[in-house]
1. If S64 satisfies every condition in (1) in contact (Cβ under 8 Å) with a residue 60 or more places away in the chain; (2) in contact with a Pro (Cβ under 7 Å, 6 or more places away or on another chain); (3) surrounded by fewer than 20 Cβ atoms within 10 Å (Cβ to Cβ); (4) of a type outside the set (K, R) but one, which is the exception?
2. Looking at G278, G251, can you tell me which residue is in the same structural domain as N154 (by TED's automatic domain parsing) and either in contact with a Pro (Cβ under 8 Å, 6 or more places away or on another chain) or open to solvent by 30 Å² or more (accessible area, probe 1.4 Å) (or both)?
3. Going by the conditions given, is E33 outside any loop (DSSP other than H, G, I, E, B) and open to solvent by 40 Å² or more (accessible area, probe 1.4 Å)?
4. Return the total of residues in the range 96-120 being more than 16 Å from the ligand (Cβ to nearest atom) and either under 30 Å from R246 (Cα atoms) or not assigned by TED's automatic domain parsing to the domain that holds F221 (or both).
5. Of everything in the range 39-48, what is closer than 23 Å to E267 by Cα and open to solvent by less than 30 Å² (accessible area, probe 1.4 Å)? Give them in sequence order.
6. Say we look at the range 79-125 and pick out the residues that are assigned to a loop (DSSP other than H, G, I, E, B) and aromatic (F, W, Y); which of these is nearest to A250 (Cα to Cα)?
7. Residue check, V287 against (1) touching a residue at least 24 places away in the same chain (Cβ under 8 Å); (2) of a type outside the set (K, R); (3) in contact with a strand residue (DSSP E or B) (Cβ under 6 Å, 6 or more places away or on another chain), all met but one. Which one?
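The values are calculated or read from the model by the stated rules, or taken from the named source; none is laboratory data. Owing to the predicted nature of the structure, the values given are computational and were not obtained by experimental measurement. FYI the Cβ positions are ideal-geometry reconstructions off the backbone, even for glycines, and counts take in every protein chain you see. Accessible surface is based on the protein model in full, side chains and every heavy atom, while ligands, DNA and RNA are left aside. Shrake-Rupley method; radii C 1.70, N 1.55, O 1.52, S 1.80 Å.
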Amino acid sequence: MSKYWSPLTASLVPYVPGEQPKDKTYIKLNTNENPYPPSPKVIEAIKAAAGDDLRLYPDPTCESLIQAAADYYKLPASRVFAGNGSDEILAFAFAAFFDPAKTILYPDITYSFYKVYAKLYGLQSELIPLDESFTIHPADYARENGGVILPNPNAPTAKLMSLDAIRIVLDANPNQAVIIDEAYIDFGGESAVSLIAEYPNLLVVQTLSKSRSLAGLRVGFAFGSEELIEGLNRIKNSFNSYTIDRLALAGAVAAFEDDAYFRETTEKVIRTRDRVAGELTALGFTVTDSKTNFVFASYPDKPASSIFQQLRDKGVLVRYFAQPRIEEYLRISIGTDEEMDAFLQAVKEIVGK
Ligand SMILES: *Cc1c(COP(=O)(O)O)cnc(C)c1O
(Lines give C-alpha, C1' and ligand atoms only; values in the text may rest on other atoms or scores of the structure.)
Protein backbone atom coordinates (compact mmCIF):
# COMPACT_ATOMS: atom_id res chain seq x y z
CA MET A 1 0.00 0.00 0.00
CA SER A 2 1.28 3.46 -0.86
CA LYS A 3 -0.21 6.90 -0.39
CA TYR A 4 0.62 7.58 -4.05
CA TRP A 5 -1.63 4.81 -5.35
CA SER A 6 -5.03 5.67 -6.75
CA PRO A 7 -7.99 3.86 -5.16
CA LEU A 8 -8.09 1.69 -8.31
CA THR A 9 -4.44 0.63 -7.94
CA ALA A 10 -4.98 -0.14 -4.27
CA SER A 11 -7.97 -2.35 -5.12
CA LEU A 12 -6.26 -4.49 -7.80
CA VAL A 13 -5.40 -8.17 -7.42
CA PRO A 14 -2.74 -8.62 -10.15
CA TYR A 15 -2.05 -11.82 -12.09
CA VAL A 16 0.88 -13.90 -10.83
CA PRO A 17 2.80 -15.41 -13.76
CA GLY A 18 4.46 -18.82 -13.47
CA GLU A 19 7.89 -18.47 -11.90
CA GLN A 20 10.96 -17.85 -14.06
CA PRO A 21 13.59 -18.78 -11.43
CA LYS A 22 17.23 -17.83 -11.81
CA ASP A 23 18.73 -19.78 -8.88
CA LYS A 24 19.52 -22.90 -10.91
CA THR A 25 18.73 -24.56 -14.20
CA TYR A 26 15.37 -26.28 -14.05
CA ILE A 27 13.54 -28.41 -16.53
CA LYS A 28 10.87 -25.76 -17.05
CA LEU A 29 7.44 -27.30 -17.49
CA ASN A 30 5.50 -24.53 -15.73
CA THR A 31 4.55 -21.78 -18.20
CA ASN A 32 3.39 -23.64 -21.32
CA GLU A 33 6.25 -22.33 -23.43
CA ASN A 34 7.11 -24.32 -26.56
CA PRO A 35 10.23 -26.48 -26.08
CA TYR A 36 11.31 -25.96 -29.69
CA PRO A 37 12.95 -22.76 -30.92
CA PRO A 38 11.11 -20.47 -33.32
CA SER A 39 11.54 -21.06 -37.05
CA PRO A 40 15.05 -20.07 -38.23
CA LYS A 41 13.27 -17.81 -40.74
CA VAL A 42 11.82 -15.83 -37.83
CA ILE A 43 15.29 -15.24 -36.40
CA GLU A 44 16.60 -14.17 -39.81
CA ALA A 45 13.73 -11.73 -40.29
CA ILE A 46 14.25 -10.18 -36.86
CA LYS A 47 17.99 -9.80 -37.51
CA ALA A 48 17.26 -8.14 -40.84
CA ALA A 49 14.86 -5.72 -39.13
CA ALA A 50 17.41 -4.79 -36.44
CA GLY A 51 18.87 -1.82 -38.27
CA ASP A 52 18.74 1.94 -38.72
CA ASP A 53 14.97 1.85 -39.20
CA LEU A 54 14.54 1.30 -35.48
CA ARG A 55 14.70 5.09 -35.14
CA LEU A 56 11.32 5.14 -36.89
CA TYR A 57 8.01 4.24 -35.30
CA PRO A 58 6.59 0.89 -36.39
CA ASP A 59 3.51 0.71 -38.63
CA PRO A 60 0.59 1.48 -36.26
CA THR A 61 -1.81 -0.45 -38.52
CA CYS A 62 0.42 -3.58 -38.51
CA GLU A 63 -0.61 -3.98 -42.14
CA SER A 64 1.92 -6.66 -43.20
CA LEU A 65 1.23 -8.75 -40.13
CA ILE A 66 -2.54 -8.44 -40.34
CA GLN A 67 -2.36 -9.43 -43.99
CA ALA A 68 -0.26 -12.51 -43.14
CA ALA A 69 -2.77 -13.63 -40.49
CA ALA A 70 -5.72 -12.84 -42.78
CA ASP A 71 -4.16 -14.91 -45.60
CA TYR A 72 -3.54 -17.80 -43.22
CA TYR A 73 -7.24 -17.96 -42.34
CA LYS A 74 -8.49 -16.73 -45.75
CA LEU A 75 -10.24 -13.75 -44.16
CA PRO A 76 -10.40 -10.11 -45.25
CA ALA A 77 -7.85 -7.96 -43.38
CA SER A 78 -10.75 -5.92 -41.98
CA ARG A 79 -11.62 -8.89 -39.76
CA VAL A 80 -8.20 -9.14 -38.13
CA PHE A 81 -6.59 -7.27 -35.23
CA ALA A 82 -3.01 -7.69 -33.99
CA GLY A 83 -1.70 -6.90 -30.52
CA ASN A 84 1.20 -7.18 -28.11
CA GLY A 85 0.42 -10.71 -27.00
CA SER A 86 -3.08 -12.02 -26.63
CA ASP A 87 -3.12 -10.82 -23.02
CA GLU A 88 -3.12 -7.25 -24.31
CA ILE A 89 -5.89 -8.05 -26.78
CA LEU A 90 -7.96 -9.60 -23.99
CA ALA A 91 -7.43 -6.46 -21.91
CA PHE A 92 -8.60 -4.32 -24.85
CA ALA A 93 -11.56 -6.62 -25.53
CA PHE A 94 -12.78 -6.49 -21.92
CA ALA A 95 -12.75 -2.69 -22.15
CA ALA A 96 -14.25 -2.62 -25.64
CA PHE A 97 -17.14 -5.06 -25.29
CA PHE A 98 -18.06 -5.93 -21.70
CA ASP A 99 -20.84 -4.01 -19.99
CA PRO A 100 -20.11 -2.84 -16.40
CA ALA A 101 -23.86 -2.49 -15.80
CA LYS A 102 -24.30 -6.24 -16.25
CA THR A 103 -22.47 -9.39 -15.18
CA ILE A 104 -19.97 -11.13 -17.42
CA LEU A 105 -19.74 -14.93 -17.52
CA TYR A 106 -16.76 -17.29 -17.54
CA PRO A 107 -15.96 -20.70 -16.02
CA ASP A 108 -15.02 -21.07 -12.35
CA ILE A 109 -11.85 -22.88 -13.36
CA THR A 110 -10.14 -21.04 -16.17
CA TYR A 111 -7.33 -18.67 -17.14
CA SER A 112 -6.88 -16.52 -14.06
CA PHE A 113 -6.24 -13.32 -16.01
CA TYR A 114 -9.99 -12.95 -16.74
CA LYS A 115 -10.70 -12.18 -13.10
CA VAL A 116 -7.85 -9.68 -13.05
CA TYR A 117 -9.16 -7.78 -16.08
CA ALA A 118 -12.69 -7.82 -14.70
CA LYS A 119 -11.41 -6.17 -11.53
CA LEU A 120 -9.32 -3.64 -13.46
CA TYR A 121 -12.36 -2.50 -15.45
CA GLY A 122 -14.84 -2.67 -12.59
CA LEU A 123 -16.83 -5.50 -14.19
CA GLN A 124 -18.96 -7.90 -12.19
CA SER A 125 -18.27 -11.58 -12.91
CA GLU A 126 -20.37 -14.67 -12.51
CA LEU A 127 -18.24 -17.80 -12.40
CA ILE A 128 -20.05 -20.70 -14.05
CA PRO A 129 -18.99 -24.02 -12.48
CA LEU A 130 -17.47 -26.68 -14.72
CA ASP A 131 -19.01 -30.07 -14.01
CA GLU A 132 -17.19 -32.78 -12.05
CA SER A 133 -15.27 -33.87 -15.15
CA PHE A 134 -14.27 -30.22 -15.87
CA THR A 135 -16.64 -30.03 -18.83
CA ILE A 136 -18.14 -26.69 -19.94
CA HIS A 137 -21.88 -26.96 -20.60
CA PRO A 138 -22.87 -24.36 -23.21
CA ALA A 139 -26.47 -24.11 -22.00
CA ASP A 140 -25.10 -22.60 -18.75
CA TYR A 141 -24.20 -19.50 -20.78
CA ALA A 142 -27.78 -18.89 -21.92
CA ARG A 143 -28.65 -16.34 -19.25
CA GLU A 144 -28.69 -12.58 -18.81
CA ASN A 145 -25.13 -11.27 -19.07
CA GLY A 146 -22.86 -8.43 -20.19
CA GLY A 147 -20.48 -10.63 -22.17
CA VAL A 148 -18.98 -14.13 -22.20
CA ILE A 149 -15.38 -15.31 -22.34
CA LEU A 150 -14.33 -18.94 -22.73
CA PRO A 151 -10.92 -20.35 -23.48
CA ASN A 152 -10.98 -23.22 -25.93
CA PRO A 153 -9.29 -25.50 -25.04
CA ASN A 154 -9.74 -24.44 -21.44
CA ALA A 155 -6.74 -23.83 -19.20
CA PRO A 156 -5.61 -25.38 -16.96
CA THR A 157 -8.01 -28.28 -17.55
CA ALA A 158 -6.72 -28.80 -21.15
CA LYS A 159 -10.18 -29.87 -22.34
CA LEU A 160 -11.61 -28.91 -25.73
CA MET A 161 -15.17 -27.79 -26.54
CA SER A 162 -16.70 -28.69 -29.89
CA LEU A 163 -17.69 -26.00 -32.39
CA ASP A 164 -21.29 -27.18 -31.96
CA ALA A 165 -21.07 -26.34 -28.27
CA ILE A 166 -19.63 -22.91 -29.12
CA ARG A 167 -22.51 -22.32 -31.53
CA ILE A 168 -24.95 -22.88 -28.66
CA VAL A 169 -23.22 -20.12 -26.64
CA LEU A 170 -23.17 -17.79 -29.67
CA ASP A 171 -26.83 -18.41 -30.52
CA ALA A 172 -27.83 -17.71 -26.91
CA ASN A 173 -26.00 -14.36 -26.86
CA PRO A 174 -26.78 -12.42 -30.05
CA ASN A 175 -26.55 -9.06 -28.25
CA GLN A 176 -23.28 -9.60 -26.37
CA ALA A 177 -19.73 -10.24 -27.45
CA VAL A 178 -18.60 -13.82 -26.95
CA ILE A 179 -14.81 -14.13 -26.77
CA ILE A 180 -13.20 -17.48 -27.50
CA ASP A 181 -9.59 -17.49 -26.31
CA GLU A 182 -7.77 -19.99 -28.52
CA ALA A 183 -4.26 -19.82 -27.04
CA TYR A 184 -3.91 -23.62 -27.44
CA ILE A 185 -6.12 -24.33 -30.46
CA ASP A 186 -3.27 -25.53 -32.70
CA PHE A 187 -2.58 -28.56 -30.49
CA GLY A 188 -5.57 -30.59 -31.63
CA GLY A 189 -8.63 -28.33 -31.70
CA GLU A 190 -10.75 -26.87 -34.46
CA SER A 191 -10.71 -23.06 -34.57
CA ALA A 192 -13.92 -21.05 -34.23
CA VAL A 193 -12.48 -18.66 -36.84
CA SER A 194 -14.62 -20.65 -39.30
CA LEU A 195 -17.75 -19.27 -37.56
CA ILE A 196 -16.88 -15.59 -37.85
CA ALA A 197 -18.80 -14.98 -41.07
CA GLU A 198 -21.95 -16.30 -39.40
CA TYR A 199 -21.67 -14.66 -35.98
CA PRO A 200 -21.07 -10.89 -35.65
CA ASN A 201 -20.88 -11.38 -31.85
CA LEU A 202 -17.86 -13.74 -32.03
CA LEU A 203 -14.31 -12.63 -31.28
CA VAL A 204 -11.62 -15.31 -31.56
CA VAL A 205 -8.30 -14.52 -29.88
CA GLN A 206 -5.06 -16.33 -30.71
CA THR A 207 -1.36 -16.01 -29.91
CA LEU A 208 2.04 -16.83 -31.40
CA SER A 209 3.31 -17.57 -27.88
CA LYS A 210 2.51 -21.25 -27.65
CA SER A 211 2.25 -23.06 -30.99
CA ARG A 212 4.68 -20.73 -32.83
CA SER A 213 7.34 -20.77 -30.10
CA LEU A 214 7.27 -16.98 -29.76
CA ALA A 215 6.25 -16.23 -26.18
CA GLY A 216 9.20 -13.81 -26.02
CA LEU A 217 8.08 -11.79 -29.05
CA ARG A 218 4.62 -10.84 -27.66
CA VAL A 219 2.27 -11.10 -30.65
CA GLY A 220 -1.38 -12.08 -30.62
CA PHE A 221 -4.41 -11.76 -32.89
CA ALA A 222 -8.14 -11.31 -32.78
CA PHE A 223 -10.51 -12.35 -35.54
CA GLY A 224 -14.10 -11.15 -35.74
CA SER A 225 -16.72 -9.00 -37.42
CA GLU A 226 -15.68 -5.57 -38.67
CA GLU A 227 -17.60 -3.89 -35.86
CA LEU A 228 -15.72 -5.89 -33.21
CA ILE A 229 -12.35 -5.22 -34.87
CA GLU A 230 -13.19 -1.51 -35.04
CA GLY A 231 -14.07 -1.61 -31.33
CA LEU A 232 -10.64 -3.04 -30.53
CA ASN A 233 -8.97 -0.38 -32.66
CA ARG A 234 -10.87 2.35 -30.82
CA ILE A 235 -9.48 1.11 -27.50
CA LYS A 236 -5.97 0.53 -28.86
CA ASN A 237 -5.81 4.03 -30.35
CA SER A 238 -6.99 5.51 -27.07
CA PHE A 239 -4.17 3.77 -25.26
CA ASN A 240 -1.05 3.19 -27.39
CA SER A 241 -1.03 3.13 -31.18
CA TYR A 242 2.36 1.38 -31.44
CA THR A 243 1.74 -1.83 -29.57
CA ILE A 244 3.85 -4.07 -31.84
CA ASP A 245 7.45 -3.06 -32.46
CA ARG A 246 9.39 -3.39 -35.71
CA LEU A 247 11.27 -6.52 -34.68
CA ALA A 248 8.09 -8.29 -33.58
CA LEU A 249 6.28 -7.31 -36.77
CA ALA A 250 9.08 -8.75 -38.92
CA GLY A 251 9.39 -11.95 -36.88
CA ALA A 252 5.67 -12.58 -36.71
CA VAL A 253 5.19 -12.22 -40.48
CA ALA A 254 8.02 -14.73 -41.02
CA ALA A 255 6.35 -17.14 -38.57
CA PHE A 256 3.29 -17.32 -40.82
CA GLU A 257 5.49 -17.87 -43.85
CA ASP A 258 7.11 -21.02 -42.43
CA ASP A 259 4.10 -23.27 -42.21
CA ALA A 260 6.11 -26.49 -42.59
CA TYR A 261 8.15 -25.73 -39.47
CA PHE A 262 5.01 -24.84 -37.53
CA ARG A 263 3.33 -28.11 -38.47
CA GLU A 264 6.37 -30.19 -37.66
CA THR A 265 6.97 -28.72 -34.18
CA THR A 266 3.27 -28.77 -33.30
CA GLU A 267 3.02 -32.43 -34.31
CA LYS A 268 6.04 -33.24 -32.15
CA VAL A 269 4.47 -31.57 -29.11
CA ILE A 270 1.21 -33.48 -29.70
CA ARG A 271 3.01 -36.82 -29.99
CA THR A 272 5.02 -36.22 -26.83
CA ARG A 273 1.89 -35.07 -24.98
CA ASP A 274 -0.03 -38.21 -25.85
CA ARG A 275 2.88 -40.41 -24.82
CA VAL A 276 3.31 -38.60 -21.48
CA ALA A 277 -0.45 -38.75 -20.78
CA GLY A 278 -0.35 -42.50 -21.42
CA GLU A 279 2.65 -43.04 -19.15
CA LEU A 280 1.15 -40.97 -16.33
CA THR A 281 -2.09 -42.93 -16.62
CA ALA A 282 -0.13 -46.18 -16.42
CA LEU A 283 1.48 -44.88 -13.19
CA GLY A 284 -1.97 -44.41 -11.68
CA PHE A 285 -2.54 -40.71 -12.43
CA THR A 286 -5.87 -39.31 -13.58
CA VAL A 287 -5.16 -37.25 -16.70
CA THR A 288 -7.73 -35.10 -18.53
CA ASP A 289 -8.06 -35.47 -22.30
CA SER A 290 -5.63 -32.75 -23.38
CA LYS A 291 -5.81 -30.86 -26.65
CA THR A 292 -3.14 -28.40 -25.49
CA ASN A 293 0.64 -28.31 -24.97
CA PHE A 294 0.26 -29.37 -21.33
CA VAL A 295 -1.36 -32.14 -19.33
CA PHE A 296 -3.50 -31.73 -16.24
CA ALA A 297 -2.98 -34.65 -13.89
CA SER A 298 -3.80 -35.81 -10.39
CA TYR A 299 -2.43 -38.69 -8.29
CA PRO A 300 -4.76 -40.38 -5.81
CA ASP A 301 -2.16 -41.42 -3.21
CA LYS A 302 -0.11 -38.27 -2.73
CA PRO A 303 -1.05 -34.58 -2.45
CA ALA A 304 -0.31 -32.61 -5.61
CA SER A 305 1.38 -29.92 -3.48
CA SER A 306 3.87 -32.49 -2.24
CA ILE A 307 4.57 -33.92 -5.71
CA PHE A 308 5.05 -30.34 -6.92
CA GLN A 309 7.62 -29.62 -4.18
CA GLN A 310 9.47 -32.89 -4.66
CA LEU A 311 9.67 -32.32 -8.42
CA ARG A 312 11.03 -28.84 -7.72
CA ASP A 313 13.70 -30.30 -5.42
CA LYS A 314 14.67 -32.63 -8.27
CA GLY A 315 14.98 -29.68 -10.64
CA VAL A 316 11.65 -30.05 -12.48
CA LEU A 317 9.24 -27.11 -12.38
CA VAL A 318 5.54 -27.67 -13.01
CA ARG A 319 2.52 -25.50 -12.10
CA TYR A 320 0.49 -26.04 -8.97
CA PHE A 321 -2.67 -24.05 -8.21
CA ALA A 322 -3.64 -23.84 -4.53
CA GLN A 323 -7.25 -23.32 -5.53
CA PRO A 324 -10.47 -25.14 -4.62
CA ARG A 325 -11.46 -28.03 -6.91
CA ILE A 326 -8.05 -28.24 -8.61
CA GLU A 327 -5.70 -28.33 -5.60
CA GLU A 328 -5.06 -32.03 -6.28
CA TYR A 329 -3.92 -31.40 -9.86
CA LEU A 330 -0.66 -30.43 -11.49
CA ARG A 331 -0.35 -28.66 -14.82
CA ILE A 332 2.66 -29.99 -16.70
CA SER A 333 3.81 -28.24 -19.87
CA ILE A 334 5.07 -30.51 -22.63
CA GLY A 335 8.82 -30.26 -23.16
CA THR A 336 11.12 -32.17 -25.48
CA ASP A 337 11.08 -35.97 -25.28
CA GLU A 338 14.32 -35.87 -23.25
CA GLU A 339 12.85 -33.37 -20.78
CA MET A 340 9.68 -35.42 -20.41
CA ASP A 341 11.70 -38.59 -19.84
CA ALA A 342 13.54 -36.81 -17.01
CA PHE A 343 10.19 -35.63 -15.64
CA LEU A 344 8.70 -39.14 -15.80
CA GLN A 345 11.77 -40.59 -14.10
CA ALA A 346 11.44 -38.04 -11.27
CA VAL A 347 7.72 -38.82 -10.95
CA LYS A 348 8.41 -42.55 -10.72
CA GLU A 349 10.89 -41.93 -7.88
CA ILE A 350 8.37 -39.72 -6.06
CA VAL A 351 5.43 -42.13 -6.32
CA GLY A 352 7.71 -45.12 -5.62
CA LYS A 353 7.39 -46.98 -8.92
C1 LIG B 1 -0.85 -18.16 -22.60
C2 LIG B 1 -2.27 -17.71 -22.61
C3 LIG B 1 -2.63 -16.42 -23.03
C4 LIG B 1 -1.63 -15.33 -23.24
O5 LIG B 1 -0.84 -15.44 -24.30
P6 LIG B 1 0.12 -14.26 -24.75
O7 LIG B 1 -0.20 -14.11 -26.18
O8 LIG B 1 1.49 -14.75 -24.48
O9 LIG B 1 -0.22 -13.01 -23.97
C10 LIG B 1 -3.96 -16.11 -23.14
N11 LIG B 1 -4.91 -16.99 -22.80
C12 LIG B 1 -4.62 -18.21 -22.35
C13 LIG B 1 -5.71 -19.15 -21.97
C14 LIG B 1 -3.28 -18.60 -22.23
O15 LIG B 1 -2.97 -19.78 -21.72
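1. Single failed check for S64: (2).
2. Numbers: G278 fails: in the same structural domain as N154 (by TED's automatic domain parsing).
Of the residues listed, the single one that is in the same structural domain as N154 (by TED's automatic domain parsing) and either in contact with a Pro (Cβ under 8 Å, 6 or more places away or on another chain) or open to solvent by 30 Å² or more (accessible area, probe 1.4 Å) (or both) is G251.
3. Details: outside any loop (DSSP other than H, G, I, E, B): no; open to solvent by 40 Å² or more (accessible area, probe 1.4 Å): yes.
No; evaluated as a whole, the condition is false for this residue.
4. Counting residues in the range 96-120 that are more than 16 Å from the ligand (Cβ to nearest atom) and either under 30 Å from R246 (Cα atoms) or not assigned by TED's automatic domain parsing to the domain that holds F221 (or both) gives 2.
5. S39, V42
6. The first filter runs over the range 79-125 and keeps only residues assigned to a loop (DSSP other than H, G, I, E, B), leaving 84, 98-102, 108-112, 121-123.
Within this subset, residues satisfying the condition of being aromatic (F, W, Y) are 98, 111, 121.
On the way: F98: 32, Y111: 29, Y121: 32 Å.
Going through the qualifying residues, I end up with Y111.
7. For V287, the failing item is (1).
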